[in-house]
Every structure is written in C-alpha cells, then in structure tokens.
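Enquirer: For reference, the structure I am asking about is given below.
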Amino acid sequence: MKKLFLATVVALMSFAASAQVWMGGSIGLDFTKPDFDGAKTLTTFTLAPEVGYTLNDKWDIAIALNESFISYDGDFANSISVEPYARYTFAKAGIASFFVDGGFGVGSTEFDSDGTVLSDSETQFYIGLRPGVKVELSEKVGIVAKLGFLGYQQVVDSYSSFGFNVNNNSLTFGMYWSF
C-alpha cells in the first residue's frame, strides 16, 4: 500500500512539475444591426476572464467566465456563462501555435426591462469546437485569436442551431500570462 501511495505521489509531482498555469482572457465590443425594418442596433460588451493549465506541449485545460452586457433600444440585459474547455495544439511555426478548443458552455440571461431585448429566453448552452492561433510574445506573455465555431448552440425557448459559423461575431482576441 505504501508503494502504491508513493508511486501516486511521485506521478502527481512529476505531472505538476511539467505543467504551467496561465490566466488572461479577452474583451469584446459588438454592434449588430438586425435585418428587418425599424430595427435598432444591438450593442454587446463582453468580458471573458480565463484560467488554464498546460498539461504538455499539445494539451491545455481551462475554464472561462463570460459576462456580456447587452443594450437594445433602451432595454438592457446581462448574460453570464461558464465555459470549460480543452485545447489541442496541432501545429507550431516559430512563435505561433495553431490550436482547436473543444468545450461546452452553460449560461443565463437576465433582462432589466420587459424582457424584449432578445426574446423570453433565459438559459443557453453550446457544445463545439473553436479554431485559433496563439503568438508567444515572450516566455510568459502570449496573445490569442479565435475565429469561428463548429457545433451546436441553443437558447432555450428561442432558437437552436448546428453548423459552422465564421463572421466578425465569432472573432475574439485575448492575452494570456503564464506563471
């Protein structure tokens, strides 16, 4: 029993010694003009802090907390979601690394007025993949860009979608600090 315990401790210590914790995130600002007569502009400001753990040169695990502040024609909403994911780095070229994030998210939206900002929906979730690139500015600092989403999304009682989405709404930029 002592040998099994000692082997487990040694394995965990070697695993922890080769791993690296990182934190950072992204911010975003989006202006969307719905495609129907009389529509006002939907403005969304998003804060998305993240914390992650580098397992090896190919795999990371992380969790993001996204909070969006939404304004539409005098109505306001606040949307928050938790998004755990795993990142697989499939190619490296100099200081650039190309990856795919695979994960899911669960969130909720609260409306500050009569609930007409988006719809009567309050709960949303997604599961899918996001490709991206990371550029190492130094040993401790990196910037990340993600573009697109392949997967399933649902806003309960409003809509669901499955497919590949590449547009300015799916482009994010972030910065990370490793320690």
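Computed from the coordinates by the stated procedures, all read-outs in this text should not be read as laboratory data. The shown structure was predicted, so the numbers you read here are calculated from the model rather than taken from an experiment. For neighbour counting, all protein chains shown are included, and Cβ atoms are generated from backbone atoms with ideal geometry for every residue, glycine included.
Enquirer: With θ set to phi - 60°, apply the Karplus curve 6.51 cos²θ - 1.76 cosθ + 1.60 along region 91-96 and write out the HN-Hα couplings as whole Hz, x wherever there is a Gly or Pro.
Expert: Ordered by residue, 3J(HN,Hα) equals 7, 9, 9, x, 8, 9 Hz.
Enquirer: Also: Taking a ≥ b ≥ c as the square roots of the Cα gyration tensor eigenvalues, with a/c under 1.5 meaning rounded and otherwise prolate when a/b beats b/c, else oblate, which class fits region 21-178? Display every interim value, and only then the final one.
Expert: Numbers: a/c = 2.07, a/b = 1.99, b/c = 1.04.
It comes out prolate by the Cα gyration axes.
Enquirer: Also, quick follow-up: Can you work out ³J(HN,Hα) from phi for every residue in region 65-71, in order, using Karplus 6.51 cos²θ - 1.76 cosθ + 1.60 and θ = phi - 60°, giving whole Hz and x for Gly and Pro?
Expert: With coefficients 6.51, -1.76 and 1.60, one gets 10, 9, 10, 10, 10, 10, 10 Hz.
Enquirer: Which loop chymotrypsin sites (Phe, Trp or Tyr not before Pro) in region 36-87, with loop taken from DSSP, have no more than 11 other Cβ atoms within 10 angstrom of their Cβ? Intermediate results must be reported in sequence, preceding the final value.
Expert: Details: sites: Phe36, Phe45, Tyr53, Trp59, Phe69, Tyr72, Phe76, Tyr85; in loops: Phe36.
Of the chymotrypsin sites (Phe, Trp or Tyr not before Pro), the ones in loops of region 36-87 whose Cβ has at most 11 other Cβ atoms within 10 Å are Phe36.
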